[in-house]
1. Scan the stretch 82-110 for residues that are surrounded by 18 or more Cβ atoms within 10 Å (Cβ to Cβ) and part of a loop (DSSP other than H, G, I, E, B) and jot them down.
2. Can you find, within the stretch 142-156, the residue that is nearest to residue 77 (Cα to Cα) among those that are assigned to a loop (DSSP other than H, G, I, E, B) and in contact (Cβ under 8 Å) with a residue 40 or more places away in the chain?
3. Residue check: is residue 116 outside the structural domain of residue 154 (by TED's automatic domain parsing), at pLDDT below 95 and hydrophobic (A, V, I, L, M, F, W, C)?
4. Can residue 115 be described as under 25 Å from residue 207 (Cβ atoms) and in contact with a Phe, Trp or Tyr (Cβ under 6 Å, 6 or more places away or on another chain)?
5. Counting just the residues of the stretch 114-128 that are farther than 19 Å from residue 186 by Cα and small (Gly, Ala, Ser), which one comes out nearest to the chain's Cα centre (by Cα)?
6. If residue 202 satisfies all but one of (1) closer than 23 Å to residue 110 by Cα; (2) surrounded by 13 or more Cβ atoms within 10 Å (Cβ to Cβ), what's the number of the condition it fails?
7. Identify the residue in the stretch 117-127 that is in contact (Cβ under 8 Å) with a residue 40 or more places away in the chain and among the hydrophobic types (A, V, I, L, M, F, W, C) and, among all such residues, is surrounded by the most Cβ atoms within 10 Å (Cβ to Cβ).
8. Looking at the structure I just gave you, is residue 175 in contact (Cβ under 8 Å) with a residue 40 or more places away in the chain and closer than 15 Å to residue 119 by Cβ?
Amino acid sequence: MAEDTTRSTDQPEDRQKDLHQVNKTGLSRRNFLKGLGTGAVAATVAPATLAEADSHSATTGAEITRATVKLSINQQVYQIEVEPRTTLLTVLRDGIDTGGQRIDLTGAKEVCDRGACGGCTILVDGRSVYSCMMLAIDAEGKEITTVEGLADDNELHPVQEAFIEHDALMCGFCTPGFVVASKAILDQNPNPTREEIQAELSGNICRCGTYPFIFEAVASAAKKMK
């Protein structure tokens, strides 16, 4: 008997097409329904996950409070309570020690706050440092010198004198950083060439453009310090 190859009327072609029909965007009804299920699960799980993350953050924040550090600044010791994230620049300018004394050393300037201009330059154990890039807690046990600490018994440091004599400033905002950086240079190299002075001061920016006078001042200070 010949095999009947005609399509059964029990499963109409339209039903099969309907079950697997794909629209113009390429999304089938089956995949669409699966997507709805996945979205429902995510909507249920996400709030719980976020809540758990918030609880961990709250716990971590509670554990990180404040630290008490002793800082030697211009040969004077201050005991200060700071958050671990506090920069040395912030402490110098706005810090208050545990005795209520405000440090108020504003010579180091907050300009770029990213170690790009040199306006906040200070000395830490004799080496020039951008104070906006150093944490206060990392400065404990080190000798910190700001521009206010360069003068000796109200007598200006030779670098400070040279900057005045050579008119090496205009607005003066960047000058403290240049003065401190220049002292660090001369402490390491008492007889630098002009090229060496320019290279060593390349990390400090003067937007008024007084660089020629600054370089002359540093060379003059080198002679004064011999």
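The values are calculated or read from the model by the stated rules, or taken from the named source; none is laboratory data. Computed from a predicted structure; not experimentally measured. Please note: Cβ atoms are built from the backbone with ideal geometry, for glycine as well, and neighbour counts cover all protein chains shown.
1. Correct list: 86, 95, 103, 105, 107, 108, 109.
2. In the first step, residues of the stretch 142-156 are kept if they are assigned to a loop (DSSP other than H, G, I, E, B); the result is 142, 146, 150-151, 153-154, 156.
Going one step further and asking which of them are in contact (Cβ under 8 Å) with a residue 40 or more places away in the chain, we end up with 142, 146.
On the way: 142: 11, 146: 14 Å.
Among them, the one singled out is 142.
3. Working: outside the structural domain of residue 154 (by TED's automatic domain parsing): yes; at pLDDT below 95: no; hydrophobic (A, V, I, L, M, F, W, C): yes.
So residue 116 does not fit the description; no.
4. On the way: under 25 Å from residue 207 (Cβ atoms): yes; in contact with a Phe, Trp or Tyr (Cβ under 6 Å, 6 or more places away or on another chain): yes.
Yes, satisfied.
5. Of the residues in the stretch 114-128, the ones farther than 19 Å from residue 186 by Cα are 114-117.
Next, from what is left, pick out any that are small (Gly, Ala, Ser): 115-116.
Working: 115: 8, 116: 10 Å.
Ranking the candidates gives 115 first.
6. Only one criterion is unmet by residue 202, namely (2).
7. Filtering the stretch 117-127 for residues in contact (Cβ under 8 Å) with a residue 40 or more places away in the chain gives 117-123, 126-127.
Right, trim to among the hydrophobic types (A, V, I, L, M, F, W, C) and you get 117, 120, 122-123.
Values: 117: 22, 120: 28, 122: 31, 123: 23.
Out of the qualifying residues, it is 122.
8. Details: in contact (Cβ under 8 Å) with a residue 40 or more places away in the chain: no; closer than 15 Å to residue 119 by Cβ: yes.
When the stated conditions are applied, residue 175 does not pass them.
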